[in-house]
Amino acid sequence: MQNTFPAVKRSLCTGRNSQRISIHRWIAAGYPNPLTETENNMEQEIDLKKVAVKDDFWSPRQTLISKVVIPYQEDIMNDRIPGIEKSSAITNFRIAAGLEKGSFYGMVFQDSDVAKWLEGVAYSLAIRPDEELEKRADEIISIIARAQQEDGYLDTYFILKEPGKQFTNVQECHELYCAGHMMEAGVAYYETTGKDTLLDVCRKLADCIDRHFGPEEGKLHGYPGHEECELGLLRLYEATGEERYLALAKYFITRRGTQPDFFKQQFEERGGKMFWEGGFQNPDYYQNHAPVTEQTEAKGHAVRCMYLYSAVAELARLTGDKDLTRACETMFRDVTKRQMYITGGIGQVARWEGFSFDYDLPNDTAYAETCAAIGLVFFAHRMLKLSPRGQYADVMERALYNGVLSGMQLDGKRFFYVNPLEVNPDLSGKMPGYEHVLPQRPQWYACACCPPNVTRLVTSLGKYAWDDVRQETSAPGSLPGVIPSADAARRIIYSHLFLGGAADFDDIKISEETEYPWNGEVQYTIAKTPASPWTFAVRIPGWAPGAVFSICGSSEIHLAEIPDAGTSGSGITSFARIDADGMEIQAGRKDGYVYFYGEWKEGATIHISFLIRPRLTYANPKVRADSNCAALEMGPFVYCFEGIDNGQDKGILLQELRIPQDMRYKITDIREGKLQGLKAVDFTGEYLSFSPDDVPGSSPSGTAGSEEEPLYSSVKPSVKKIPMRAIPYFAWGNRGIGQMRVWMPKE
């Protein structure tokens, strides 16, 4: 068994008068408890321009997005690339602006592709300034501004194709969905560039929606068919301080699922006409079957559900509404404990792109839309802002490294909409019931929601890695604070994801050095610190219970030695004291995070080490699709098996292979080809077959002595040793068409 970890250079603090760690109960008066649940957490918005990602994994991917993916998607939306699915998304705006003649082309939600792309551009400009890209984006924004109607309305489908029918089919026609994405883009572009043209467009658009929707007499008492506007309004509220936007978002969220049914009312007013042939009237599909505070199971369209509950969590954070918080906790638990694939993919059913029922997780017909995994990242991130628990960050990381990254080819020019966990080329994409499961990524889609969604997430990664929280008041049970700067004592910087680089929080600057996700060595350096005490909280992945810490090269302390407060809301009262380089640091554990509290010195280092090695994972026995199977994971990655690595050239099928009881593995650096830079897991597996020599003289498939393998036999298959290789799931499908499986039979 081989597993090596290149050492991360440890830059020790000056002075080096570190002492041995003292482990004891630390309840002495005079030390405030920064780990207690508080009533008012003031989160400082993470400025992407002050978060630098510099490592060997994410830096190349962000560069790919900026230099290849964004221009490629821009060309597609301008119809400059022949031979692929036509878009005309930008052309629609040009026609609506009176700059061209023509008619609307595409889906009713075509505008959202441009909005998501612009949001991704904003984040890209924040992390990698590009004057030419910014100039092109400004030109597109000016076209959008010219297309906007005098009353603030903006949707090219209804402006060009069905004028006069605005807001008459909110259930199906995505006007509010497109508006929400435009609002998110407008805020992001303003935050990055300081330019407010698109922000002004979004304010006018939000004002238009506010004049049409709400509880007042004469307004539409409705809510979005596809949730997203709620998120846009909340971002617009935080950017502008306009209370009407917060109130409208709250109305959309709390009106949903109540009676009378707005969608049914509009349906009857249209004479029972549906926009989509074979469309849905089932309230579950739209999460309209009950008020959000009464929903207990994830139902319907997966992306809609995730966008809705992301907004519910955001609203709960902004308003302190405990009922909304409990609703989010209930929904998160149902999704991740009973309806989530091991890859972080969600949505089992192709027919409605959504959920089925608990523990129903078929692999070869999985839908697991890329946008749904992205939505789960959004939801988990907002749950972290509500309550910093490791389970939320673990799910965010799982979806990010697997269900999201699998949605884009390694070269950035092909994309998956659906992310199955098993592919068989003779079946997938061909046979009834499998049409949606493609064995290779297409270049583009008529419904192209996923590619620009990947763009905006990957470029904004720094927002998901860090949080800066300031606690206004301590809840009952916290220790009395006698340090003069009580506010600073309650300052917490959270590290949710391990990304090499640096983060600047103005008075606090932290650099991070790591080779994660391949290596479990992480070192933080405090580059700038205030004189007053503050807390640094680091997440420990749920799969890494054996983490080891040291501060400024002090004696190592194992995770198990740091007192754990569990999941109670009363805070930590038992600490480990670490004396290092003249600093007295208190260490406590809660909800998957280790909290280091004290008066820091510039140059202080926190070194964390945990073992990254292959591990076998088993599904709950209630999951019938994974019975007697195991999945291979390493670090944050789910691994898969492709035919090209496992005997495909010899006619061997993946279902003929089995993971042995005693798996002895070797981690192999892939040094050439399309997977260069990744790590494979190699081991000796088992090949099962009906060898003619092992089968009795007759079988249902043929006559005695037949060289053809029988279809059935009373004799068990013979077992032979065979080399097997697994690669990270996100990288499958980059080397041609072939079989793929995540869950493999296990002896």
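The values are calculated or read from the model by the stated rules, or taken from the named source; none is laboratory data. Just so you know, these numbers come straight off a predicted model, no measurement behind them. We place every Cβ from the backbone using ideal geometry, glycine too, and count neighbours over all the protein chains shown. All accessible areas refer to the heavy atoms of the entire protein, side chains included, with ligands and DNA or RNA removed. Shrake-Rupley method; radii C 1.70, N 1.55, O 1.52, S 1.80 Å.
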Exercise. Within segment 426-444, how many residues are closer than 16 Å to Leu653 by Cβ and surrounded by fewer than 17 Cβ atoms within 10 Å (Cβ to Cβ)?
Worked result: 2
For this session: For segment 593-641, name all the residues that are open to solvent by 20 Å² or more (accessible area, probe 1.4 Å) and touching an Asp or Glu at 6+ places or on another chain (Cβ under 7 Å).
Result: Lys601, Ser609, Arg615, Thr617, Ala619
Problem set entry | Within segment 258-292, tally of residues that are in contact with a His (Cβ under 6 Å, 6 or more places away or on another chain) and either without any contact (Cβ under 8 Å) to a residue 24 or more places away in the chain or part of a loop (DSSP other than H, G, I, E, B) (or both) | 0
Exercise. Taking the stated definitions as given, is Glu397 out of contact with any Asp or Glu (no Cβ under 8 Å at 6 or more places or on another chain), acidic (Asp, Glu) and touching a residue at least 12 places away in the same chain (Cβ under 8 Å)?
Worked result: yes
Problem set entry | Hits in segment 475-498 - residues which are modelled with pLDDT of 90 or more, open to solvent by less than 10 Å² (accessible area, probe 1.4 Å) and not aromatic (Phe, Trp, Tyr) | Ile492, Ile493, Ser495, His496, Leu497
Seminar exercise, completed: Being in contact (Cβ under 8 Å) with a residue 40 or more places away in the chain, part of a helix (DSSP H, G or I) and open to solvent by 50 Å² or more (accessible area, probe 1.4 Å) narrows Ser142, Ser112 down to just Ser142
Exercise. Using beta carbons and a limit of 7 Å, which pairs, at least six apart or on different chains, have the first residue in segment 608-622 and farther than 24 Å from Gln523 by Cα and the second one surrounded by 18 or more Cβ atoms within 10 Å (Cβ to Cβ) and not hydrophobic (A, V, I, L, M, F, W, C)?
Worked result: Arg615/Glu633; Thr617/Glu633; Ala619/Asp626
Seminar exercise, completed: For segment 508-556, the count of residues that are more than 29 Å from the chain's Cα centre (by Cα) and surrounded by fewer than 19 Cβ atoms within 10 Å (Cβ to Cβ) equals 8
For this session: Test Val423 against the criterion of being of a type outside the set (D, E, K, R), over 24 Å from Leu386 (Cα atoms) and at pLDDT 95 or above, and give yes or no.
Result: yes
Seminar exercise, completed: Exactly one of Tyr597, Tyr593, Tyr618 is within 30 Å of Asp360 (Cα to Cα), in contact with a strand residue (DSSP E or B) (Cβ under 8 Å, 6 or more places away or on another chain) and not basic (Lys, Arg), and that residue is Tyr618
Seminar exercise, completed: Picked from segment 274-298 (must be open to solvent by 20 Å² or more (accessible area, probe 1.4 Å) and more than 15 Å from Gly225 (Cβ to Cβ)), the residue nearest to the chain's Cα centre (by Cα) is Glu297
Exercise. Taking the condition hydroxyl-bearing (Ser, Thr, Tyr), at pLDDT below 95 and on the phi < 0 side of the Ramachandran plot, does Tyr597 pass?
Worked result: yes
Exercise. So how many residues does segment 343-359 have that are assigned to a loop (DSSP other than H, G, I, E, B), at pLDDT 95 or above and closer than 24 Å to Glu642 by Cα?
Worked result: 5
Exercise. Of all residues in segment 83-109, how many are assigned to a helix (DSSP H, G or I), open to solvent by 10 Å² or more (accessible area, probe 1.4 Å) and of a type in the set (S, T, N, Q)?
Worked result: 1
Problem set entry | Contacts under 8 angstrom Cβ, first residue in segment 64-87 being within 13 Å of Val114 (Cα to Cα), partner part of a helix (DSSP H, G or I) and open to solvent by 50 Å² or more (accessible area, probe 1.4 Å), 6 or more apart | Glu74/Arg136
Seminar exercise, completed: Expected output for segment 325-346 (first residue closer than 20 Å to Pro636 by Cα and open to solvent by 10 Å² or more (accessible area, probe 1.4 Å), partner modelled with pLDDT of 95 or more and in a strand (DSSP E or B), Cβ below 6 Å, 6+ apart or cross-chain) is Met340/Ile346; Ile342/Ala631; Ile342/Val638
Problem set entry | Qualifying residue in segment 151-171 (condition: open to solvent by less than 60 Å² (accessible area, probe 1.4 Å), in a helix (DSSP H, G or I) and among the β-branched types (Val, Ile, Thr)) | yes
Problem set entry | Selection count, segment 66-82, where residues are open to solvent by 50 Å² or more (accessible area, probe 1.4 Å) and either closer than 14 Å to Arg414 by Cβ or not in a helix (DSSP H, G or I) (or both) | 3
